[in-house]
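Scroll down for the structure; my scribbles are underneath it.
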Amino acid sequence: MSQNLSMFESHNPLDTPALLQRFFVLSADKMAVVGRDGYFKVINPAFEMLLGGSQTELLTQPLLEFVHPQDQKVTQDAINQLTTENPSINFENRLRSGNGVYQWFGWTISYTDERIFHAVVREITEQQLAAESPVGYLSHLLMDAPAGMVILNGTRQVFTLVNTRYEKISGHSRAQLLNRSIRDVLPELEANGVFQMFDHLYQTGEAFVAQEFYASFDHTGQGFLQEGYYNFVAQPIKDRNGQVTDILVHVYEVTEFVLARQRLQESEEQFRAIFNQSTAGNAYMDLEAQLLLVNDRFCQMVGYSRDELLQKTLYDITHPDDLPNNTALFERLRGDGLPFVAEKRYICKDGSIIWVRNSVSVIRDAAGQIKSVLTVSFDITELKAAQEELIERQPEKAIAEERQRLARELHDSVTQTLFSAGVITEAIPRLLQAQPEKAFNQLHNLNSMIQGATSELRTLLWELRPERIAQTGLAMLLTQLAYAVQARKPLKVFLRIHGEQERLLPAPVLMAFYRIAQESINNIIKHSDATKIHLMMRRTDDYVMMSIIDDGQGFDLLQGNPGFGLTIMRERAEEADAQLDIRSMASKGTRIRLFWQGESDVVQIVGGE
């Protein structure tokens, strides 16, 4: 301060310059010496405290930077009118204080010379402020409001007030927002129609309310949008003539509430799907095998209506040749309660016979007593037919080897999954009373297991009958592959399908995409130690692109010879005239991208297995 007050210095404390310096420093009024260039030359401590900066910082900033945009012209005009003939001028304007709030002040500026002028500034009382400016009065009330509050000025909606809560909601500081148009600071809101709503309000004066409004904010300023949901109200602020001058917006973020409700809705839908829309046939029965409850899939499998089935026992629809073994297993289940998996035949209403693989488990009451039985049935008729067809077509050794392979696949995937499903099913009734939330999670796991087992069975069937692959869309193939992977390993598979799915790819291209996807995922399971796989397919009339990304340990493509699997993948891509790009780094995971361009066969896909 002392170096900027040299004009007041004197060795005698009673000299007038020394008294002026003391008055300047200790005055409660805001005082300043301002240059004709618009920059502060000297300011007293009271002014420093108001503007919220040190003397050194404030002297580098022009006066008009602290003045409200609507008052800058009035301020500059007053300065320009200051001359020797007009040596003192009074006016009012709004100044931005250190906390970002605009307050009203009365100014007295006095001519000194052509280079500088003196200014004395006093805050106007709140009563005067309320009478002269509703916006300024609101500023005091809104800064600590629990909702996010902003005031947008003029047709460009310039931020003139930003409260603390809005800083947190938007991810931008007050300094980053004030005196800037919302269109410049948050351009991403254009896509959500926010600016159009503000323009309409400014033109008509009609307030509007938005409930659970979806918007994306760039909180960092680096182009990364964060999604959220907001309740907000926008209302006009009008002058004495009824013209809209500003828009007051108050915002509540309700993202957590909306997402929680969405998760609850999804959970309820999944709960209903587990019982009513399962891809497996579900049947509840009492301890005498009397059917009590069946789902739609079970009815479809055997051809009976629900009412017809509820008049029967499970024995009534069991093939006579399977009754002795089925009865023995059921009696053992009633005794020890241990779940089992077995293959058997059902006799359908039309007299046809289907093969099923059943996972059977008991339902216990709160006391632990066995009260009922649950059967989860998978139709394996086609798989059995394929096995028989294979037996007829292959030499005896090949038949034995293929049977062993199928048995291993069934045991390692489907049988183990169904057995686990039976164990979970047995535990659910006990959990429903003691730990309902955990019981619901187990139901979700049960549904995932059933979907995975279904996909495994379908995959095995496709392997036995490769011609079916060429008749199935790539989207269906990748979907079943994703479900099958999750049934085999505790991996999270994120599947995204984009674009046209109703046209078949040429058979060589389809087989290349499917086999490369299989080989890639097998490599991930065997070698990568990954926890997540992102599988994406984009389809248009002109091209198809597939990418597979994992978060595993990766490998160095430049070291050593490529593995046999990678070589096969490249050969398949070349045969299909497709472009294969493999990128990987140690500890950084692997990305495989396959691209093919060409016209599709104009054949509509009827459906998958």
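The values are calculated or read from the model by the stated rules, or taken from the named source; none is laboratory data. Everything numeric in this text was worked out from a predicted model, so none of it was measured. Here the Cβ positions follow ideal geometry from the backbone for every residue, glycine too, while neighbour counts run over all protein chains shown. The area values use the complete protein model at the heavy-atom level, side chains included, leaving out ligands, DNA and RNA. Shrake-Rupley method; radii C 1.70, N 1.55, O 1.52, S 1.80 Å.
Go through segment 504-543 and give me each residue that's assigned to a strand (DSSP E or B), open to solvent by less than 10 Å² (accessible area, probe 1.4 Å) and touching an Asp or Glu at 6+ places or on another chain (Cβ under 7 Å).
Residues of segment 504-543 assigned to a strand (DSSP E or B): 504, 532-539, 543.
Of the ones still in play, those that are also open to solvent by less than 10 Å² (accessible area, probe 1.4 Å) are 533, 535, 537.
Matches in segment 504-543: I533 only.
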Check whether at least one residue in segment 57-66 is part of a loop (DSSP other than H, G, I, E, B), within 17 Å of T108 (Cα to Cα) and without any contact (Cβ under 8 Å) to a residue 24 or more places away in the chain, and report yes or no.
-> no
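So which of G228, G154, G171, G205 is under 30 Å from E65 (Cβ atoms) and open to solvent by less than 20 Å² (accessible area, probe 1.4 Å)?
So the residue among G228, G154, G171, G205 that is under 30 Å from E65 (Cβ atoms) and open to solvent by less than 20 Å² (accessible area, probe 1.4 Å) is G154.
To keep it simple, each residue is scored yes or no on (1) at pLDDT 75 or above; (2) of a type in the set (D, E, K, R); (3) farther than 22 Å from V67 by Cβ; (4) exposed (fewer than 14 other Cβ atoms within 10 Å of the Cβ).
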{"position": "F8", "(1), (2), (3), (4)": "no, no, yes, no"}
{"position": "H11", "(1), (2), (3), (4)": "no, no, yes, yes"}
{"position": "R22", "(1), (2), (3), (4)": "no, yes, yes, yes"}
{"position": "L26", "(1), (2), (3), (4)": "yes, no, yes, yes"}
{"position": "A32", "(1), (2), (3), (4)": "yes, no, no, no"}
Among helices (runs of 4 or more DSSP H) lying entirely in segment 160-206, which contain 1 or more residues that are within 19 Å of Q235 (Cβ to Cβ), in contact (Cβ under 8 Å) with a residue 24 or more places away in the chain and out of contact with any Leu (no Cβ under 7 Å at 6 or more places or on another chain)?
-> 164-170, 194-204
Residue count, segment 38-47 (criterion: open to solvent by 40 Å² or more (accessible area, probe 1.4 Å) and either more than 16 Å from A28 (Cα to Cα) or free of Cβ contacts under 8 Å to residues at least 12 places away in the same chain (or both)) | 2
Which one is most open to solvent (accessible area, probe 1.4 Å) among residues in segment 322-370 that are of a type in the set (K, R) and assigned to a helix (DSSP H, G or I)?
-> R332
Does D550 satisfy the criteria of being open to solvent by less than 70 Å² (accessible area, probe 1.4 Å), acidic (D, E) and touching a helix residue (DSSP H, G or I) at 6+ places or on another chain (Cβ under 8 Å)?
-> yes
Before we move on, is Q265 at pLDDT below 85 and either in contact with a Lys or Arg (Cβ under 8 Å, 6 or more places away or on another chain) or open to solvent by 20 Å² or more (accessible area, probe 1.4 Å) (or both)?
-> yes
Name, by its number, the condition in (1) without any contact (Cβ under 8 Å) to a residue 12 or more places away in the chain; (2) of a type outside the set (A, V, I, L, M); (3) touching a Gly at 6+ places or on another chain (Cβ under 6 Å) that does not hold for R297.
-> (1)
The number of residues in segment 576-590 that are surrounded by fewer than 18 Cβ atoms within 10 Å (Cβ to Cβ), at pLDDT 90 or above and not in a strand (DSSP E or B) is 1
Any residue in segment 236-256 that is farther than 21 Å from V101 by Cβ, among the acidic types (D, E) and under 27 Å from the mean Cα position of the chain (by Cα)?
-> yes
Report yes if some residue within segment 543-551 is within 29 Å of the chain's Cα centre (by Cα) and among the acidic types (D, E); otherwise report no.
-> yes
